[in-house]
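Structure first, commentary second.
The values are calculated or read from the model by the stated rules, or taken from the named source; none is laboratory data. The structure presented is a predicted model; accordingly, all values stated were derived computationally and were not measured. All Cβ positions, even for glycine, are placed from backbone atoms using ideal geometry, and neighbour counts span all protein chains on display. The accessibility values were calculated without ligands, DNA or RNA, using every heavy atom of the protein model including side chains. Shrake-Rupley method; radii C 1.70, N 1.55, O 1.52, S 1.80 Å.
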Protein chains: 4
Amino acid sequence: MRKLIGVCGSDSTDKELSSATLKTAEEVGYYIAQRDGVLICGGKGGVMEQAAKGAKKGNGLTIGILPGAKEKANRFIDIAIATHLGYARNYILINSADAVIGIAGRWGTLNEISYSLNIGKPTILIKGSGGWMDILSDETLLKNLDVRPHIADSPKEAVDLAFKLSQ
Amino acid sequence: MRKLIGVCGSDSTDKELSSATLKTAEEVGYYIAQRDGVLICGGKGGVMEQAAKGAKKGNGLTIGILPGAKEKANRFIDIAIATHLGYARNYILINSADAVIGIAGRWGTLNEISYSLNIGKPTILIKGSGGWMDILSDETLLKNLDVRPHIADSPKEAVDLAFKLSQ
Amino acid sequence: MRKLIGVCGSDSTDKELSSATLKTAEEVGYYIAQRDGVLICGGKGGVMEQAAKGAKKGNGLTIGILPGAKEKANRFIDIAIATHLGYARNYILINSADAVIGIAGRWGTLNEISYSLNIGKPTILIKGSGGWMDILSDETLLKNLDVRPHIADSPKEAVDLAFKLSQ
Amino acid sequence: MRKLIGVCGSDSTDKELSSATLKTAEEVGYYIAQRDGVLICGGKGGVMEQAAKGAKKGNGLTIGILPGAKEKANRFIDIAIATHLGYARNYILINSADAVIGIAGRWGTLNEISYSLNIGKPTILIKGSGGWMDILSDETLLKNLDVRPHIADSPKEAVDLAFKLSQ
């Protein structure tokens with residue numbers, strides 16, 4: 001059975017998404033593929049598309065867990081799972097991933113990350129990628145919570161942690 | 001068609017749940033019923049049970065959207081929707097509510113609140129109830145996000161806002 | 001906790017739906033309400049609407065488990081559960097019902113009845129109501145299957161069986 | 001994007017499953033892989049396991065859409081999608097497949113086939129494989145239904161039809 005690494009983050013409608021963050025997403029996808037992991041993501045634009053692009057550059061396999069029809073998948077998705085369950089697809093994505101990496105993100109990404117931490121999946125957030133991931137990287141914010149995400153400073157560190165924590 | 005007001009918050013395994021917060025939940029349920037609203041919640045213990053208890057005190061109707069079998073519903077639930085979808089039930093709960101009130105909460109509650117804000121439901125958090133609701137009541141934290149919750153200081157204010165915003 | 005009786009059947013796009021079958025659906029809804037049961041159905045037109053109409057005539061409570069938004073509920077639905085899960089809502093409907101009654105129906109209704117029998121819910125089909133329910137009422141057809149539905153000849157008999165089998 | 005061909009049928013608890021039917025399932029999987037299709041199935045035993053075994057013999061890729069944890073996947077599954085949605089996973093499986101092939105089966109398989117026909121997916125049943133597929137291969141039974149499955153007499157014919165109908 002193949003190892004599936006989930007990548008969650010803003011889609012292309014997030015105006016705060018910087019080119020640096022998109023580069024981060026692409027590198028995360030690349031490193032996942034290089035380590036023979038399968039990228040699993042929400043299948044749409046923005047962070048998801050760049051991560052899938054990176055995975056294909058690394059000759060990897062990409063899965064998109066889509067809210068609706070497979071025609072909406074980005075062009076780097078190999079396997080489109082067309083759930084037609086709307087954003088309940090977030091739950092399937094998180095359950096199927098062996099570890100989850102968060103990049104930037106708004107409420108939709110926070111939804112995925114909160115599922116991941118609620119379920120107890122290894123969850124790694126990339127500090128400095130923007131949005132909710134930056135908010136959640138603040139240790140003082142999380143000090144009263146029992147379950148906390150792992151924080152990574154780079155794509156390489158995030159992917160290394162994802163593989164290490166899902167052994 | 002009846003108006004459904006969602007209440008989300010920690011279940012009974014949250015050690016941080018104070019008696020003041022449980023009282024808050026009960027009052028929220030009571031005021032929902034008094035205004036002829038139907039309480040819809042996750043159907044389990046803690047905040048959910050106290051809110052349902054309050055709604056029954058107010059002669060209201062209570063719905064529990066359960067992750068599994070209806071035998072797990074708390075004793076104040078009239079209508080048990082046994083989804084058998086695990087925590088994907090959060091999505092159904094939020095979609096069905098005309099407005100959502102958050103009380104205390106850990107990652108599971110944050111999952112519901114993030115669904116609510118992602119979808120654009122009227123979402124009211126009770127400040128001072130603890131957990132994630134207190135974190136999310138900090139205006140500086142949310143200043144960079146496009147979509148923000150409403151903040152209420154009391155059960156009465158929260159329920160009034162829920163009815164007003166879902167007209 | 002209230003007893004929920006599920007009613008499944010064709011929506012209004014089924015051209016084979018006769019006025020006799022719609023009358024059957026209305027009577028089923030009426031008898032459910034008379035026995036203090038809550039009608040739970042898919043919330044849309046045809047058999048679902050007539051059953052809900054009957055339940056309201058009997059002063060009962062009606063729940064619609066909708067595939068999408070609550071605006072699509074028929075006018076006799078009190079509690080609209082807006083799943084936004086498409087036809088995965090069939091699974092929730094069946095899981096939540098204490099017993100299931102089938103009337104007429106095409107592939108969508110067969111989907112609900114097959115869930116019900118697969119899960120082992122008490123499942124009653126009304127013979128003579130048309131569509132798949134008539135096909136499935138043929139004992140020779142089912143003779144090789146381990147799990148079989150109950151067959152009723154009238155609305156009254158179907159509702160009596162539903163209450164008896166879900167005690 | 002890869003083409004996904006769904007295979008539905010009894011799991012290993014079906015006592016009526018013959019060795020001929022298991023051979024049929026294996027051949028279906030093999031031909032799917034030979035034509036560069038990806039096998040998508042429920043990921044468990046019986047027909048699902050044999051189809052996945054055949055796909056691996058043909059050097060193909062296999063996806064299992066599981067009701068629960070990925071540890072329950074059969075040993076021929078490459079990509080385990082752990083939905084934790086119980087049998088609502090049937091809906092995801094059917095929505096994701098470009099065409100669906102049915103082999104033998106009880107109520108659970110009928111649930112998948114009815115989803116497929118309700119949604120309007122190309123649906124091919126293998127006549128003579130037993131269970132519901134044999135019942136549904138009887139043309140007189142289906143003569144009054146608007147939407148009908150395609151009937152194939154062999155694994156090769158079924159896979160050829162699946163590719164042809166999903167172009």
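Scan the stretch C:151-167 residue by residue and report those that are under 22 Å from residue C:50 (Cα atoms) and out of contact with any His (no Cβ under 7 Å at 6 or more places or on another chain).
Residues satisfying the conditions are C:151, C:152, C:153, C:154, C:155, C:156, C:157, C:158, C:159, C:160, C:162, C:163.
Criterion first (open to solvent by less than 30 Å² (accessible area, probe 1.4 Å), within 18 Å of residue C:28 (Cβ to Cβ) and either out of contact with any helix residue (DSSP H, G or I) (no Cβ under 6 Å at 6 or more places or on another chain) or away from chain D (no Cβ under 14 Å) (or both)) does residue C:73 satisfy it?
The answer is no for residue C:73.
Scan the stretch B:4-33 residue by residue and report those that are within 12 Å of the chain's Cα centre (by Cα) and among the polar types (S, T, N, Q).
B:10, B:24
For residue A:132, which of the numbered conditions (1) in a loop (DSSP other than H, G, I, E, B); (2) of a type outside the set (A, V, I, L, M); (3) within 13 Å of chain B (Cβ to nearest Cβ) fails to hold?
It is condition (1) that residue A:132 fails.
Among the residues of the stretch A:155-163, are any open to solvent by 10 Å² or more (accessible area, probe 1.4 Å), of a type outside the set (D, E, K, R) and over 26 Å from residue D:83 (Cβ atoms)?
yes
Which one of these does residue D:118 not meet: (1) within 14 Å of chain C (Cβ to nearest Cβ); (2) surrounded by 22 or more Cβ atoms within 10 Å (Cβ to Cβ); (3) within 16 Å of residue D:132 (Cβ to Cβ); (4) not aliphatic (A, V, I, L, M)?
Among (1) within 14 Å of chain C (Cβ to nearest Cβ); (2) surrounded by 22 or more Cβ atoms within 10 Å (Cβ to Cβ); (3) within 16 Å of residue D:132 (Cβ to Cβ); (4) not aliphatic (A, V, I, L, M), the lone unmet condition for residue D:118 is (2).
Identify all residues within the stretch B:33-55 that are open to solvent by 10 Å² or more (accessible area, probe 1.4 Å), in contact with a Gly (Cβ under 8 Å, 6 or more places away or on another chain), part of a helix (DSSP H, G or I) and not hydrophobic (A, V, I, L, M, F, W, C); write none if there are none.
B:34, B:50, B:53
Would you tally the residues in the stretch B:139-159 being in contact (Cβ under 8 Å) with a residue 24 or more places away in the chain and part of a helix (DSSP H, G or I)?
4
In the stretch B:86-104, is there at least one residue being within 27 Å of residue C:56 (Cα to Cα) and assigned to a loop (DSSP other than H, G, I, E, B)? Outline the logic, then answer.
Taking the stretch B:86-104 as the starting set, the residues that turn out to be within 27 Å of residue C:56 (Cα to Cα) are B:92-99.
Next cut, assigned to a loop (DSSP other than H, G, I, E, B) only: B:97-98.
Yes - at least one qualifying residue is present in the stretch B:86-104.
Only one residue in D:23, D:15 is within 14 Å of chain C (Cβ to nearest Cβ), charged (D, E, K, R) and surrounded by fewer than 24 Cβ atoms within 10 Å (Cβ to Cβ), so which one is that?
D:15
Of everything in the stretch A:141-167, what is within 14 Å of chain B (Cβ to nearest Cβ) and in contact with a Phe, Trp or Tyr (Cβ under 7 Å, 6 or more places away or on another chain)? Give them in sequence order.
Correct list: A:147 only.
Say we look at the stretch C:121-135 and pick out the residues that are small (Gly, Ala, Ser) and open to solvent by 30 Å² or more (accessible area, probe 1.4 Å); which of these is nearest to residue C:8 (Cα to Cα)?
Within the stretch C:121-135, the match that is nearest to residue C:8 (Cα to Cα) is C:131.
With respect to residue C:110, determine if the residue is in a strand (DSSP E or B) and either within 14 Å of residue C:4 (Cα to Cα) or open to solvent by less than 10 Å² (accessible area, probe 1.4 Å) (or both).
Against the criterion (in a strand (DSSP E or B) and either within 14 Å of residue C:4 (Cα to Cα) or open to solvent by less than 10 Å² (accessible area, probe 1.4 Å) (or both)), residue C:110 does not qualify.
Could we say that residue C:71 is without any contact (Cβ under 8 Å) to a residue 12 or more places away in the chain, assigned to a helix (DSSP H, G or I) and farther than 27 Å from residue B:56 by Cα here?
The answer is yes for residue C:71.
So residue A:79 passes all but one of these: (1) more than 22 Å from residue D:65 (Cβ to Cβ); (2) more than 14 Å from chain B (Cβ to nearest Cβ). Which condition number does it fail?
(1)
Counting only residues that are within 14 Å of chain A (Cβ to nearest Cβ), over 20 Å from residue B:85 (Cβ atoms) and not hydrophobic (A, V, I, L, M, F, W, C), how many does the stretch D:50-70 have?
Result for the stretch D:50-70: 3.
Residues of the stretch B:71-90 being out of contact with any Leu (no Cβ under 9 Å at 6 or more places or on another chain) and under 19 Å from residue C:82 (Cα atoms), which ones?
Within the stretch B:71-90, B:87, B:90 qualify.
Return only the number of the condition from (1) within 13 Å of another protein chain (Cβ to nearest Cβ); (2) surrounded by 18 or more Cβ atoms within 10 Å (Cβ to Cβ) that residue C:138 does not satisfy.
Checking residue C:138 against (1) within 13 Å of another protein chain (Cβ to nearest Cβ); (2) surrounded by 18 or more Cβ atoms within 10 Å (Cβ to Cβ), the one that fails is (2).
Applying the selection to the stretch C:90-107, what residues are more than 8 Å from every other protein chain (Cβ to nearest Cβ) and either aromatic (Phe, Trp, Tyr) or open to solvent by 10 Å² or more (accessible area, probe 1.4 Å) (or both)?
C:98
Among the residues in the stretch C:10-25, are any closer than 24 Å to residue B:78 by Cβ and at pLDDT 95 or above?
no
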